[in-house]
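Novice: I'd like to ask you about the structure that follows.
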Amino acid sequence: MRYFFLLLGAILFAAHLEASESKVCQACHPIIYDEYYESSHRNASIYNNPIHKAMWEKHPKDEKGYTCAKCHSPSDLEVLQSGIVTKNETQVEEPISCIYCHSIKDVQVGESSNSNILVDKKREFYTAQEGKKGSAEYEMESSWFGLKKEPKSSPYHKIDYDNENYYSGNACMGCHSHANNDHGFDITMLDALISKDDKNSCVTCHMPQVIGSKVTIHETKTHAYHGIAGIYHKSTNMGEYIDFNLSKKSDSFSVNVINRSNHALFGQAFRQGILKAEIKRGDKTITLEPFIFERILARDGVEVMPWEANEAIKDTLIYAKREVLFNETLLGGDKLTLTLGVQRISQEGAKKLGLELDKEFTKFRVLKSETFGF
């Protein structure tokens, strides 16, 4: 009887909340829905993301309209068709809905940017779960001579476990690969297409397994985190994919920052990574000049907004690795603490976008911290 009411609830949600598709998912996936609601995906539109809004307000307008919708609010069919962005329920509640992400059948590689190809069947969604490859319709599984029945799959939708893009992380590459401006210049520097030989993927890094059942009708110990780990949530989780290799010299020391992810770190416009170094020497604390990882976009040698750029006049991003030199001698008994963090936008970027009054945007978010003794 419990499962009957769950099914009935899902159907009623579907009937009355079509404008908010993700609310349907909440009935059976409450933990995942709560995470999604706080995620960068739910907050991708200009009405939820002040940085994106500030960028769009400064962006030159033309007959194409709001082309950012392709990735920032693909669930809003009206803006996709008209190019005119307006505040509506989809823009606020689910610019990138649960259903949209789980409907990506394949990714079409494009010169300027990639595009998502969606499944053409309603209520057929893709997901990844090792050991469960193969499509599963809703069915009940009996045990104890038929006295106990449990659902083997969803009562609301079909689940397809066969799409390799969800195992490799390439389902994310429709939006998280490259974005070339009108000058053919990539302004995001992700290029994170995953190969089968890679140990890490978008999913393993940004959707780690966390405690809590993924669905109410079949209890599980863990689920893939849908808040999207990164600079907004669980930033220290990203430190698992970064290593510090220290090299001590007679009058200085260097740090090799090793990046074990599949893309350059801190490549987005106005983003800034910062490596801080602090030495404890007895009762004395020595704070060294931090090293900045950033990519400054320009045109004809002058810094410009991303859509005008055709070159980078500075590129200190962390690709596979980046060596940083500190002109300070390390002595016996010293304790060196290295802290790598990120700002959503730099102080200069905040000024350019008119966001300097809100310190949340330039807040230093720790990714990794490690202490070395000498």
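The values are calculated or read from the model by the stated rules, or taken from the named source; none is laboratory data. Since the structure is predicted, the reported quantities are computational estimates derived from the model, not experimental observations. Note: ideal-geometry Cβ built from the backbone for every residue, glycine included; neighbour counts use all protein chains shown.
Novice: Among strands (runs of 3 or more DSSP E) lying entirely in the range 72-188, which contain 3 or more residues that are modelled with pLDDT of 85 or more?
Specialist: Values: elements: 104-108, 115-118, 124-126, 140-143, 148-151, 158-160.
Because the criterion is at least 3 residues that are modelled with pLDDT of 85 or more, the strands (runs of 3 or more DSSP E) in the range 72-188 that meet it are 104-108, 115-118, 124-126, 158-160.
Novice: Say we look at the range 351-361 and pick out the residues that are touching a residue at least 40 places away in the same chain (Cβ under 8 Å) and on the phi < 0 side of the Ramachandran plot; which of these is surrounded by the fewest Cβ atoms within 10 Å (Cβ to Cβ)?
Specialist: Within the range 351-361, the subset touching a residue at least 40 places away in the same chain (Cβ under 8 Å) is 352-355, 358, 361.
Imposing the further condition that a residue be on the phi < 0 side of the Ramachandran plot reduces the set to 352-353, 355, 358, 361.
On the way: Lys352: 17, Leu353: 20, Leu355: 20, Asp358: 12, Phe361: 20.
Checked the range 351-361; the qualifying residue surrounded by the fewest Cβ atoms within 10 Å (Cβ to Cβ) is Asp358.
Novice: Which of the residues that make up the range 315-330 are within 23 Å of Leu190 (Cα to Cα), touching a residue at least 40 places away in the same chain (Cβ under 8 Å) and not in a loop (DSSP other than H, G, I, E, B)?
Specialist: Going residue by residue through the range 315-330, those that are within 23 Å of Leu190 (Cα to Cα) are 315-324.
Okay, now just the ones that are also touching a residue at least 40 places away in the same chain (Cβ under 8 Å), so 317-324.
Scanning the range 315-330 gives Ile318, Lys321, Arg322, Glu323, Val324.
Novice: Which of the following residues is touching a Cys at 6+ places or on another chain (Cβ under 9 Å), within 30 Å of Asn180 (Cα to Cα) and of a type outside the set (Lys, Arg): Ser261, Ser346? If you could, list the steps in order and put the result at the bottom.
Specialist: On the way: Ser346 fails: touching a Cys at 6+ places or on another chain (Cβ under 9 Å).
None of the others qualify; the one that does is Ser261.
Novice: Which one of Arg299, Arg281, Arg322 is crowded, with 18+ Cβ neighbours inside 10 Å and at pLDDT 95 or above? Before you say what the answer is, go through the steps one by one.
Specialist: Numbers: Arg299 fails: crowded, with 18+ Cβ neighbours inside 10 Å; Arg281 fails: crowded, with 18+ Cβ neighbours inside 10 Å.
From the options Arg299, Arg281, Arg322, the qualifying one is Arg322.
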